[in-house]
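Undergrad: Got a structure for you, questions after.
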Amino acid sequence: MIRYSFEGKVVIVTGAASGLCRATLEAFVRAGARGVVADINEEGGRSVADGLRDAAGEAMFIRTDVRDTKSVDDLVQRTVERWGGLDVLVNCAGVGVHKTVVEMTDDEWDFQVDTQQRAVFLTCRAAARQMIAQGRGGRIVNFGSTGGHVGRVRAAAHGTSKAGIVHFTKVLALELGPHNITVNVVGPGLIDIRGISNAFSTNEYAQRFANEVPLGRLGRPEEIANTVMFVATEEASFINGHAICVDGGYSAGKLSIDGPHRTVHAPVSADRRRRTPGGVGHPTGPAVARSVVPGHGNLIN
Ligand SMILES: NC(=O)c1ccc[n+]([C@@H]2O[C@H](COP(=O)([O-])OP(=O)(O)OC[C@H]3O[C@@H](n4cnc5c(N)ncnc54)[C@H](O)[C@@H]3O)[C@@H](O)[C@H]2O)c1
């Protein structure tokens, strides 16, 4: 197990009242960080901060609505007033409105995109202004999702906002690099958050999802927290503007579709046949011809 040290570092994790955000914040605090639980859920957020302090960690809760400029600016200001600076921002807060495009209302679209995309703009801007003023660099890690890389039915708003976060992160990495502030995305696959969140999918969906993961299982919260923490270390100082999927290989491709059962010959024009010594147009011509399954013609699947 990697033992990270964030002794004395000030870390804000949005959404840390629950789920992966909570697991990530708790891991930072166990590694010595002073952690801010920034969440709209007052009861849950206070309980996480209290639990960490009971275990001798340094943590505080600041009620925050990540969609609201004033709330986000206050979050950074109060953090700095209490602990003198800000070293790491983790943007994790999220919601899930899962509907097809034709079913979705304007308000549902705005709710999803504001919470996951506008929020990332607001929090990054507030944190970056502070980090630039401090002049000692910093780390920003934005939560993406495999849903931002791979299309899924009923996930247009979610996936669009997460894909937008990837692009936003690239631009911000360009802008903040000269200040030695790195900005990256960690994109989880489906993670088993039963016990730490109410947001877990049905077992049936989880099983179908796991069947599409090359490693054959869901992820564990600590696998996400470990990656976020690594990106936030000094050792990760040259990783910038990158989106890391932590998904067991899910976004690498479609596991349920294997290689072609039938192979296509590129049609070789009469003109090319004449120009190519040996009469076969493309160097792969003979190999392709050998690999064609007899009787299956030239169709692609
Ligand atoms: N769980 C997964 O399998 C999974 C997969 C891919 C990506 N993610 C991403 O990880 C992050 C955490 O997801 P989770 O599954 O742990 O969800 P979760 O619901 O357990 O946690 C989300 C937290 O965000 C908070 N939040 C919501 N709206 C907010 C607002 N306006 N202001 C402040 N806080 C707000 C909630 O109160 C909650 O504590 C999200 O960004 C999600 O998209 C999760």
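Undergrad: In the set VAL36, VAL29, which member is away from the ligand (no atom under 15 Å from the Cβ) and touching a Leu at 6+ places or on another chain (Cβ under 8 Å)?
TA: Working: VAL36 fails: away from the ligand (no atom under 15 Å from the Cβ).
None of the other options fit; the residue is VAL29.
Undergrad: Which count do you get for residues in segment 188-202 that are of a type in the set (S, T, N, Q) and in contact (Cβ under 8 Å) with a residue 24 or more places away in the chain? Write out each step before concluding.
TA: Applying the first criterion (of a type in the set (S, T, N, Q)) to segment 188-202 yields 197-198, 201-202.
Checking the rest, the ones that are also in contact (Cβ under 8 Å) with a residue 24 or more places away in the chain come to 197-198.
Number of matching residues: 2.
Undergrad: For segment 175-206, which positions are over 19 Å from the mean Cα position of the chain (by Cα), on the phi < 0 side of the Ramachandran plot and at pLDDT 95 or above?
TA: Of everything in segment 175-206, those that are over 19 Å from the mean Cα position of the chain (by Cα), on the phi < 0 side of the Ramachandran plot and at pLDDT 95 or above turn out to be GLU175, LEU176, GLY177, PRO178, HIS179.
Undergrad: Of all residues in segment 214-261, count the ones that are more than 12 Å from the ligand (Cβ to nearest atom), among the hydrophobic types (A, V, I, L, M, F, W, C), in a loop (DSSP other than H, G, I, E, B) and modelled with pLDDT of 95 or more.
TA: Residues in segment 214-261 being more than 12 Å from the ligand (Cβ to nearest atom), among the hydrophobic types (A, V, I, L, M, F, W, C), in a loop (DSSP other than H, G, I, E, B) and modelled with pLDDT of 95 or more: 5 in total.
Undergrad: Hey, another quick one. For ALA157, state whether it is free of Cβ contacts under 8 Å to residues at least 40 places away in the same chain, outside any loop (DSSP other than H, G, I, E, B) and within 19 Å of the chain's Cα centre (by Cα).
TA: Details: free of Cβ contacts under 8 Å to residues at least 40 places away in the same chain: no; outside any loop (DSSP other than H, G, I, E, B): yes; within 19 Å of the chain's Cα centre (by Cα): yes.
Criteria not met by ALA157.
Undergrad: Specify which of the listed residues (VAL102, VAL76, VAL141) is crowded, with 19+ Cβ neighbours inside 10 Å, more than 22 Å from GLU42 (Cβ to Cβ) and more than 9 Å from the ligand (Cβ to nearest atom).
TA: Values: VAL102 fails: crowded, with 19+ Cβ neighbours inside 10 Å; VAL76 fails: more than 22 Å from GLU42 (Cβ to Cβ).
Result: VAL141 is the single residue among VAL102, VAL76, VAL141 that is crowded, with 19+ Cβ neighbours inside 10 Å, more than 22 Å from GLU42 (Cβ to Cβ) and more than 9 Å from the ligand (Cβ to nearest atom).
Undergrad: Could you tell me how many of the residues in segment 130-154 are farther than 20 Å from VAL76 by Cα and in contact (Cβ under 8 Å) with a residue 12 or more places away in the chain?
TA: The first filter runs over segment 130-154 and keeps only residues farther than 20 Å from VAL76 by Cα, leaving 144-154.
This time we only want the ones that are in contact (Cβ under 8 Å) with a residue 12 or more places away in the chain, so: 144-150, 153-154.
Number satisfying all stated conditions: 9.
Undergrad: Also: For segment 242-253, state whether one or more residues are within 19 Å of the chain's Cα centre (by Cα) and loosely packed, with under 12 Cβ neighbours inside 10 Å. Write out each step before concluding.
TA: Initially, segment 242-253 is screened for residues within 19 Å of the chain's Cα centre (by Cα), giving 242-253.
Keeping just the survivors that are loosely packed, with under 12 Cβ neighbours inside 10 Å gives 253.
Yes: one or more hits.
The values are calculated or read from the model by the stated rules, or taken from the named source; none is laboratory data. The structure presented is a predicted model; accordingly, all values stated were derived computationally and were not measured. We place every Cβ from the backbone using ideal geometry, glycine too, and count neighbours over all the protein chains shown.
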